[in-house]
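Data block below; observations after.
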Amino acid sequence: MRRIILSRKGFDSSSGRTASPIFPDDKIFSIPIPSKVPSPHKYSDLKIHGISGEAALREASVSSVSRTDYCHFDPDLRTGVGLFGQANSSQSELRNREVKRDDLFLFFGWFRRFSSKEGDTHHLFGWLQIEDILTSDTDIKNYLKQRGLVHPHGFGEKSNYPNNALYIGRERIDLSGIKKKLPGYGVFKKTSSDLILTEKGKTRSHWRFPKKYFSKSKDLFLNRLKWENESECTLECKGQGQEYILNAEDNPRIITWALSLIEKHC
């Protein structure tokens, strides 16, 4: 594992225009962004850990879309699926930073507990370790067809995504020295303080990482991010970028951090 990618997904200020919900029982649900074109899923089709897409829209008081609207359900981290699509400049960024087989996506988004006055956060909600990367539209469609799966990045007669790619998740985490059998992809079931990137008491784009794993890091950030206060492991996540790529090869402690989250919350 040479790269860990913090990948921003789900509702944001421009697509959906509100946060995804943290439910009163602490379950979380990342609401996918709306799709401007027909897609294999509508919000009414979604169900994750017993929560329906309709219930998530209702909990977040969403008015910008309805249950019958198409959504861009990606990543799809349900059991037996494990797929994530990327395209355009974001895919170029992943390729140029040499994101490859065995690297790990940690997906995060904008979340809020609507039933209380807790502030907005950037919150990790899922993960996927890469088994394979398909970059041909033909290969993507054949893969999905052979397995009876559907995905926005392989839907319809012609791809709507320039520079298209489909990342396929491993069934189990594959990493030398790891003896425990951890799922290679999935959705975190409930909120927890260690899944929240946002520094307590700050706006959601101000992050704090645990010093145990991130202090004295070497060339950690390969794009976009940089320490605001390196000794405190704090930074500001600026802009609307999707992929934030971390150098795990030279900083193996962050692999331990990621695996500890998966083991604790899968």
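Values quoted throughout were computed directly from the atomic coordinates according to the rules given, and no laboratory measurement underlies them. Just so you know, these numbers come straight off a predicted model, no measurement behind them. Because the Cβ atoms are built from the backbone with ideal geometry, glycine has one as well, and the counts that use them run over all protein chains shown.
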* Structure fact -> Excluding residues fewer than 8 positions from Lys200 in its own chain, the aspartates and glutamates with Cα under 15 Å of it are Glu118, Asp120, Glu232, Glu236
* To do: Among His153, Asn247, Ser215, pick out the residue whose Cα is farthest towards the positive end of the charge dipole of region 127-266, where Lys and Arg carry +1 and Asp and Glu carry -1 on C-beta, about the Cα centre.
  => Ser215
* Asked: What nm distance separates the two modelled labels at Cys266 and Lys36, each placed 7 Å from Cα along Cα→Cβ?
  -> 3.7 nm
* Structure fact -> Exposure-ranked with fewest Cβ neighbours within 10 Å first, Asp120, Asp103, Asp250 stand as Asp250, Asp120, Asp103
* To do: Post the alpha-carbon centroid distance, region 107-139 to region 171-203, in whole angstrom.
  => 11 Å
* Asked: Label point 7 Å out from Lys189 along Cα-to-Cβ: which residues of region 82-125 have amide N under 16 Å?
  -> 125
* Asked: Sorting Leu166, Leu182, Leu134 on the 10 Å Cβ count, fewest up front, what's the list?
  -> Leu182, Leu134, Leu166
* Just rank Thr203, Thr79, fewest to most, by other beta-carbon atoms within 10 angstrom. => Thr79, Thr203
* What's the Cα-based Rg to Rh of region 73-195, Rh via Kirkwood? -> 1.01
* Could you give the dipole magnitude of the chain about its Cα centre, charging the beta-carbon of Lys and Arg +1 and that of Asp and Glu -1, in debye to the nearest 20? -> 440 debye
* To do: For the pairs Lys158/Lys238; Lys27/Lys117; Lys189/Lys216; Lys180/Lys211; Lys36/Lys181; Lys158/Lys189, note any where the Cα-Cα span goes beyond 28 Å.
  => Lys158/Lys238; Lys189/Lys216; Lys36/Lys181; Lys158/Lys189
* **Test item: Cα-centred dipole of region 38-164, Lys/Arg +1 and Asp/Glu -1 on Cβ, debye** => 260 debye
* Structure fact -> Taking 0.36 nm per residue of separation between Arg172 and Asn223 and subtracting their Cα-Cα distance, the length gained on full extension comes to 15.6 nm
* Structure fact -> Sorting Ile4, Pro21, Ser44 by the position of each Cα along the dipole of region 1-51 (Lys, Arg +1; Asp, Glu -1; all at Cβ), the one nearest the positive end of that ordering is Ile4
* How big is Rg to Rh over the chain, alpha-carbon atoms, Rh as the Kirkwood inverse-mean-distance radius? -> 0.94
* What do you get for Rg/Rh over region 8-101 if you use C-alpha atoms and the Kirkwood form of Rh? -> 0.99
* Asked: So what is the calculated 222 nm ellipticity per residue for the chain, using -39500 (n - 2.57) for each DSSP H run with n of 4 or more, over all residues, to the nearest 500 deg cm²/dmol?
  -> -4500 deg cm²/dmol
